[in-house]
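> Take a look at this one; I'll ask things after.
Taken together, the values in this text are just the output of simple stated rules run on the coordinates, not laboratory data. Keep in mind the model is a prediction, meaning the values are calculated, not measured. With ideal geometry, Cβ positions are generated from the backbone for all residues, glycine too; neighbour counts draw on all protein chains shown.
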Amino acid sequence: MKAIAAALSLCALCFTHPALAEPAPGATQGVWATGFTTRLQASPYAGEDSRLDFLPEIYYTGEQWYLAGTEAGWLKEVDDGLYIDAFIRYRFGGYTEDQVSDLADMRRTGTLEGGVQVIKHTGFGELRLGAAHDLLNRHQGYSASLQWQKDWVFNNVTLTPIVAVEHDSAEVNTYFYGVKNSEAEPGRPAYEAGSSTRLRLGLESWARLGKAHLLGLSLSHTQLGRTVSDSPIVDGNQRTELTFNYRYEFLNNPASQAVNQAAESDWLKGEWEWRLAGGYWKDGNFIEMIYLNNMAVDTNDTAMVSAFLSKKISNEAWNLPIDVHLTGGLVRHFERGGQSDFNEYVVALKGYFNRFPWSHIIETRVGFGYGFSYGEQVPWQETENVLRKNLNDSRMLQYLDYSWDVNLGDLFNNESAKYCYGGYSIHHRSGIFGQTDVYNRVDGGSNWNTFYVQCKVR
C-alpha cells in the first residue's frame, strides 16, 4: 500500500485549482518538457494577505496520456468531439502555523484527488463536467464543476476565457475552513462548514517563443460561498489568483522524435541505462558539495542503496549538446536504529554533458537532475535538520542529483566496459526553501554522498 501511495503522489507531481495544469495549447505531442509554475494568491485566511508558491515541474503530452505538473491523466476521444478525461491532481490548499500566525496549533495540508470529467467540443466553445474525490482521506469529501471555455488563437498566442461553477462538499470546506473543538479558543470558536457553490471567472494565455519555449499566464477570480466566508478563520469572501508557467520542450532530431512519439505503443524502443549506487548521509550544504568540498564518508551515518532505470529522451537542451534522460529509482534507507528502514521513490529528469577537451581520451560526464522524491518515512537525520527551522517535515520533497562519472572502458582500456560509467553523485532532498505548499513549506532537506556504476542497456 505504501508503494501505491508513493506512485500516486509522484504521478500527480510528474504527470487547487486547475489553472495551467492541463496540457498547454500548442504543446508538441510526444515530447517531454521541463519548467516551473509560480502562483500568487490572495489568501482567504485571516492573518495572511497573500501566498506565493513556486514549484519546478515535469510535463508530457501524448496522444492519450498527459503529465502537466501537478496533474496527470488519460484523455480519450470516445465520439466526435466528445472526450473522457480520467485524472489525478494535487489540490492546493490549507496552511501551517509557520504561514499564518493567527492559526496557532492548527494545520491543514493539500491532498491528492482523483476524478473524471466529460469534455464536449462545440461551435461556441468547450463544455466540461467533472467530479473529483480525495484519494488520501484528508478532507474525505468531493468536488464537482461545470465549466465553459473557448480558445482564441492569434498567431503564436492562445487566449482562453473561462467561466466555471464549482461545488465543494461540506467535508472539503470543514477540513480547509473549519475549526475543530480541540482547536477552539477565545476569538476562534469551533466551526463546521457546509457545502458551497461558487463562481470562478478566469483568463488563460499561452505563447510559444521560438521553437521550444512555452509561456503561460492565468488570472482568475473566485467568489467564495457564504459557509466559507462565515468561518472564524476566513477574512473576506473573494479570492484572486495569478499563475505563471514556463516550459521548455526537449525537441530531438527527427529520428529520435519518431521513437518518442511511438513510446505509448512501443515504449521499450530507445536508449536505456541502469544505475546502482550506494552511500552515506552527509551533513552539509548542497552548493558546497557541488564543488566537491564535502565528499568525506562516515560509515557511522545512515546509509542508502539505490537502483535507477532511465531512458534517453533528447540529445539537446537549450541548444547545447546535453543528453536528457527520464529516470525513476527505488532507494532503500538504512536508519541505523534511528527508526525502521524504509523505501524512497524517485522520478526525475537528468541531463548529461560530455564535451570536455579530454573526453576523446577518457569520456567524462557531468550530470544534473531534478524531480520528486517520496519517502515512506522521513529520514531521521533529515527530520532533525528540518525541525530546527520548521514546525513540520514532509515525505515528499524536491529531488536533486549532481554527478561526475568517467567511461570505465576508456579508464581501463577495456573495450567490453565501453558501455559503463563509474562515478560520484549527490542524492539530495530539498524543500526548495519553503517555497511550495506541495512540500508543506519545508525549508531544508538532506544529502547523501554516493558512488555508482551506470551502464547502457545493450
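> How much mean residue ellipticity at 222 nm does the chain get from its helices, if each DSSP H run of length 4 or more adds -39500 (n - 2.57) and you divide by all residues, to the nearest 500 deg cm²/dmol?
-3000 deg cm²/dmol
> Measure off 7 Å from each Cα along the Cα-to-Cβ vector at GLN238 and LEU309, then give the distance between these two points in nanometres to one decimal.
5.3 nm
> With charges set only on the Cβ (+1 for Lys and Arg, -1 for Asp and Glu), what does the dipole of the stretch 266-360 come to about its Cα centre, in debye to the nearest 20?
280 debye
> Just subtract the alpha-carbon distance of GLU376 and TRP148 from 0.36 nm times their residue separation and send over the number in nm, one decimal.
Here the segment from GLU376 to TRP148 would lengthen by 78.1 nm.
> Then there's this: What lysines does LYS456 reach when the alpha-carbon gap must be under 25 Å and sequence neighbours fewer than 8 apart in one chain are set aside?
LYS269, LYS311, LYS312, LYS350, LYS418
> Excluding residues fewer than 8 places away in the same chain, name every one of the lysines whose C-alpha is closer than 29 Å to that of LYS180.
Answer for LYS180, where 29 Å is the Cα cut-off: LYS2, LYS389, listed by chain and number.
> Right, here's the next one. How much FRET efficiency would the formula 1/(1 + (r/R0)^6) give for TRP404 and LEU215, where r is the Cβ-Cβ distance and R0 is 41 Å, rounded to 0.05?
Efficiency, from the Cβ-Cβ distance: 0.75.
> Step through the residues of the stretch 337-350 one at a time and calculate ³J(HN,Hα) from phi using the Karplus curve (6.51 cos²θ - 1.76 cosθ + 1.60, θ = phi - 60°), rounding each to whole Hz and writing x for Gly and Pro.
x, x, 6, 5, 5, 7, 9, 10, 10, 10, 10, 7, 10, 9
> Also, I was wondering about something else. Roughly what would the spin-label model give for ASN300 and THR197, points 7 Å off Cα along C-beta, in nm?
Each label point is offset 7 Å from its Cα along the Cβ direction, giving 6.6 nm.
> Quick one: net charge of SER196's neighbours, Cβ under 14 Å, K/R +1, D/E -1?
-1
> Still on this model: What list of ³J(HN,Hα) couplings, whole Hz, do you get for the stretch 146-157 from phi and the Karplus terms 6.51, -1.76, 1.60, once you set θ to phi - 60° and write x for glycine and proline?
Working through the residues one at a time gives 10, 9, 10, 8, 8, 8, 10, 9, 10, 6, 9, 10 Hz.
> I've got another one for you. Full extension from LEU320 to LEU129: what is 0.36 nm times the residue separation minus their Cα-Cα distance, to one decimal in nm?
64.4 nm
> Determine ³J(HN,Hα), in whole Hz, for all residues of the stretch 365-375 in sequence, where each value follows from phi through the Karplus function 6.51 cos²θ - 1.76 cosθ + 1.60 and θ = phi - 60°; x replaces Gly and Pro.
10, 10, x, 9, x, 9, x, 9, 10, 10, x
> Taking the simple approach of a point 7 Å from Cα along Cα-to-Cβ for both PHE412 and PHE368, what is their distance in nm?
About 3.2 nm, to one decimal.
> Same structure, new question: So how do 276-289, 180-193 stack up, highest first, on mean other-Cβ count within 10 Å?
Highest-to-lowest ranking by the protection proxy: 276-289, 180-193.
> Can I ask one more? Grab the Cα-Cα distance for ASP80 and LEU276, subtract it from 0.36 nm times how many residues apart they are, and report the gain in nm with one decimal.
Details: separation 196, 0.36 × 196 = 70.56 nm, distance 4.81 nm.
Gain on extension, ASP80 to LEU276, equals 65.7 nm.
> Excluding residues fewer than 8 places away in the same chain, name every one of the lysines whose C-alpha is closer than 23 Å to that of LYS120.
LYS76, LYS150
> Taking amide hydrogens as modeled 1.01 Å from N in the peptide plane, which residues meet the under 5 Å criterion relative to GLU97, leaving out close sequence neighbours?
Distant-sequence amide H within range of GLU97: MET106.
> Quick one: pull the percentage of alpha-carbon pairs in the chain with a separation above 39 Å.
Working: 26659 of 104653 pairs.
Of the Cα pairs, 25 percent sit more than 39 Å apart.
> Once you charge only the Cβ atoms, +1 for Lys and Arg and -1 for Asp and Glu, what is the size of the charge dipole of the chain about its Cα centre, to the nearest 20 debye?
Dipole about the Cα centre, nearest 20: 620 debye.
> How many angstrom lie between the C-alpha centres of the stretch 42-105 and the stretch 428-458?
Rounded to whole Å, the Cα centres lie 21 Å apart.
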